[in-house]
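*Asks:* This is the structure, below, for whatever I ask next.
No value in this document is a laboratory result; all are computed from the given coordinates. Keep in mind it's a predicted model, so treat the numbers as computed, not measured. Cβ atoms come from the backbone with ideal geometry, glycine included; neighbour counts cover every protein chain shown.
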Amino acid sequence: MRSIHVVRRVAVLRRVQNSAQQKQQHQQRRYRANAVRSETTKQTKTTTTITATREKPRRHTPLLLPGFRGGLSSAELVEALPIYARAPQTPMSLRTLFEFGMHPTPPRVMLSAQFLHQELAVRLAHRAHELATLPHGLNKMRSVRKVRKMYEGSFGALLRQKRPRDAETESAISDTMTTMLHRHEDVVKLVARGVLELKQTMKVNTGDIEIQRFLDRFYSSRIGMRMLIAQHLAIRESTAREGYVGIINSKCAPAEVILDAAEAVRSLAYRHYGDAPDVKITGATALTFPYVDSYLFFPMFELLKNSVRATIETHENADSIPNVRVVIAGGEEDVTIKISDEGGGIKRSAMAKVWTYLFTSAEVSPNELLHVSDSDMDSSGSDDDDLGANELGVSHVAGYRMGMDPIAGFGYGLPLSRLYARYFGGDLTLVSMEGYGTDAYLHVCKLGDKQERLY
């Protein structure tokens, strides 16, 4: 009997165990099924959301500012200026400008004019407001006040115009932009003179970090505005230069630009010293990419001028003058150009100062070089007296006229060259060996996808 009861108990225990295992397995199956259903639901929702987003993209609402449609009175302009000075600026990239200008149809030209009608007003207002609030009394200097009035005048000239809607209003706003280009040609020189006025009257150190940062912001903004205006005026022309999209060369060849800059620099050296070193160009000499020729010519001219001058003065009593060497390298992201010389190098203690505006080793003082007569101060002027531009003959070399800026090489050359390089995401650096020479590295963004720096 006992064995029968034992067998029965074992059987019962087994049934209980089997039942518990079955229940556990069932719960696990239900848990897995629920998890799968939950994941499927999530994926479906995500897919639906993505699809909906693709099908119905968010609409960009344009920023509406006072005077958006133009036609403002003098009183309305006074009220609008501080509002525009607080409005955000719209950064552009070289690729955006290039792709937009590839097919310059009348509707696209109209869109460009409408965009610039407000964007230029915003940028002008930012700079006019900053000029009015500069520290150390710089805002009270006569030259700076002249520039502020100039910017306020251009701000008013834009917003007095009606927002472009047809060929007539588009032509009117484009004429206003052309006038702005000519009116502002002496701006760099005038601001530099204002800094010198501050140094002489208030005994303020022009190397002050606040002043240097202001100059970086101001000149960078000026480069950007002139780029946008020049590009718009170029794409609206019916006869575009072959291979160009506006002022952007679709096949900018660094080797050719460097050769033009080298010829201009060597010509200047022969006039002043009676001799000049050869400039040897090696590396990726067949490289081309979309870029603005003048934005490459300007820093190359300045760097080569510094190297040639230093080389000649260091080896003035030698039997021969070493070459200035230029190497072009094309990477996936950047085009890098190295300029090497044997011009004796730069002292380590002076390296930080080379990026300071008005720092120069020229024998002629910046004050003399930056002289602007009262008649120049009261007129729109022209940059025919751009401190050596005409003497060099570079104002009209290979169509680089748009990129030339005054006072390059007289305490402004290196910092301005770095701004041109950084405008579309590049950079400029120096490595020097005192007692031997200097290597300059100019980095240019090859992809064109970097947006301009706005302040």
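*Asks:* Would you give the gap between the C-alpha center of the stretch 58-122 and the C-alpha center of the stretch 332-348, rounded to a whole Å?
*Replies:* 39 Å
*Asks:* Quick one: which residues, 5 or more positions from LYS446 or on another chain, have an amide H under 5 Å from its amide H? H modelled 1.01 Å from N in the peptide plane, none for Pro or chain starts.
*Replies:* ASP334, VAL335
*Asks:* Distance check, please: which entries in LYS146/LYS338; LYS203/LYS338; LYS199/LYS347; LYS305/LYS347; LYS140/LYS450; LYS338/LYS450 exceed 28 angstrom between their Cα atoms? Spell out each step's value before the answer.
*Replies:* On the way: LYS146/LYS338 39 Å; LYS203/LYS338 39 Å; LYS199/LYS347 25 Å; LYS305/LYS347 19 Å; LYS140/LYS450 36 Å; LYS338/LYS450 22 Å.
Check vs 28 Å cut-off fails for LYS146/LYS338; LYS203/LYS338; LYS140/LYS450.
*Asks:* Over the stretch 182-330, what is the relative contact order in percent, taking alpha-carbon pairs closer than 8 angstrom and at least six residues apart? Don't jump to the answer; show the numbers that get you there.
*Replies:* Numbers: 137 pairs, mean separation 32.6, N = 149.
Reported relative contact order: 22 percent.
*Asks:* Okay, moving on. Could the peptides 260-273, 81-94 be put in order, highest first, of the mean number of other beta-carbon atoms found within 10 Å of their residues? Intermediate results must be reported in sequence, preceding the final value.
*Replies:* On the way: 260-273: 18.2, 81-94: 16.3.
Per-residue Cβ counts within 10 Å, averaged per peptide and sorted highest first, yield 260-273, 81-94.
*Asks:* Report the residues of the stretch 77-118 in range of a label on GLN451: point 7 Å along Cα→C-beta, backbone N strictly under 19 Å from it.
*Replies:* Hits in the stretch 77-118 for GLN451 at 19 Å: 85-101, 112, 115-118.
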